[in-house]
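Asks: Got a structure for you, questions after.
What follows is calculated from the coordinates using simple rules that are stated; it is not laboratory data. The shown structure was predicted, so the numbers you read here are calculated from the model rather than taken from an experiment. Glycine gets a Cβ as well: all are built from the backbone with ideal geometry, and neighbour counts include every protein chain shown.
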Amino acid sequence: MAQIIDTVHALPGSLVLAPGPGSEFPELAWGDSFFYYAPDGQVPTNTQPYATVVTKDYPDDTGSDLDPAGRWRLNLHVGRDRFTELTGATPGDLAVGRDPSATDVVMAHPVYSALGWVAIVNPAEGTLSLALDLLREAHEAAAARYRRRHAE
């Protein structure tokens, strides 16, 4: 997980939001990381993160079995075309899939696949290089969206 977070920290204009105890964010988010393109260093109020690391099950998202120690999931917005390329399915096709608790495989995000999100539980030897490439792609796509919005 540290390599993922360090990679994002090194990307220009990136912001890693990592809520914890005493922060203004809900306890449910503590321990997770949210990755934004934010060259001003401020958490954007009108956009979603381009990737996240979650370290626990959420009430509507338990299939990845993240509550046991040492389990976590990288979630990435990759867009429709890249989603299809990576999963062999169209976004939102929940019939496609792998066991959402399987580790070190790219799969449709168990909740946000319809929006072009993929997930990898505990990226390791089989997916870490791809995960880092996907992070860079997601960051660049977020930067491009930011530039379009701020050019208007």
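Asks: Going by how many other Cβ atoms sit within 10 Å of their own, how do SER129, SER14 line up, fewest first?
Replies: Working: SER129 10, SER14 21.
The most exposed by this proxy come first: SER129, SER14.
Asks: Would you list TRP117, TRP72, TRP30 from fewest to most Cβ contacts within 10 Å? Display every interim value, and only then the final one.
Replies: Working: TRP117 23, TRP72 20, TRP30 15.
By the 10 Å Cβ count, ascending, the order reads TRP30, TRP72, TRP117.
Asks: Right, another one. Please order PHE25, PHE83, PHE35 by the number of other Cβ within 10 Å, starting at the fewest.
Replies: Values: PHE25 15, PHE83 26, PHE35 29.
By the 10 Å Cβ count, ascending, the order reads PHE25, PHE83, PHE35.
Asks: From Cα pairs below 8 angstrom and at least 6 apart in sequence, can you work out the relative contact order of region 2-151, rounded to a whole percent? Each step should come with its number before you reach the end.
Replies: Working: 270 pairs, mean separation 28.8, N = 150.
Reported as a whole number, the value is 19 percent.
Asks: Grab the other residues whose beta carbon is less than 14 angstrom from that of ARG80, score K and R as +1, D and E as -1, and report the net. Please report the intermediate quantities before stating the final value.
Replies: Numbers: positive: ARG82; negative: ASP81, GLU85, ASP93, GLU137.
Charge balance near ARG80 sits at -3.
Asks: Can you check what the net charge comes to around ALA18, using other residues whose Cβ is under 15 Å from the Cβ of ALA18 (Lys, Arg +1; Asp, Glu -1)? Before the final figure, lay out each step's value.
Replies: Numbers: positive: LYS56; negative: ASP6, GLU24, GLU27, ASP32.
So the surrounding residues net to -3.
Asks: Another one. Convex hull over the alpha-carbon atoms of region 27-152: what's its volume per residue in Å³? Provide the component values of the computation, followed by the final result.
Replies: Working: hull volume 14.9 nm³, N = 126.
Looking at region 27-152, the number lands at 118 Å³ per residue.
Asks: Once amide H atoms are built 1.01 Å from N in the peptide plane, which residues 5 or more positions from SER14, or in another chain, come under 5 Å H to H?
Replies: For SER14, the qualifying residues are ALA38.
Asks: Still on this model: Net charge near ALA108, counting Lys/Arg +1 and Asp/Glu -1 over other residues with Cβ under 9 Å of its Cβ? Walk me through the intermediate numbers first.
Replies: Values: positive: ARG98; negative: ASP93.
The answer is 0.
Asks: Would you mind calculating the gained length between VAL105 and LEU28 on full extension (0.36 nm times residue separation, minus the Cα-Cα distance), in nm to one decimal? Mind showing how you got there, number by number?
Replies: Numbers: separation 77, 0.36 × 77 = 27.72 nm, distance 2.55 nm.
Gain on extension, VAL105 to LEU28, equals 25.2 nm.
Asks: Is region 6-83 rounded, prolate or oblate when judged by the Cα gyration tensor, a ≥ b ≥ c being the square roots of its eigenvalues, rounded requiring a/c under 1.5 and prolate requiring a/b larger than b/c? Don't skip to the answer; put the middle values down first.
Replies: Values: a/c = 1.81, a/b = 1.23, b/c = 1.47.
The shape class here is oblate.
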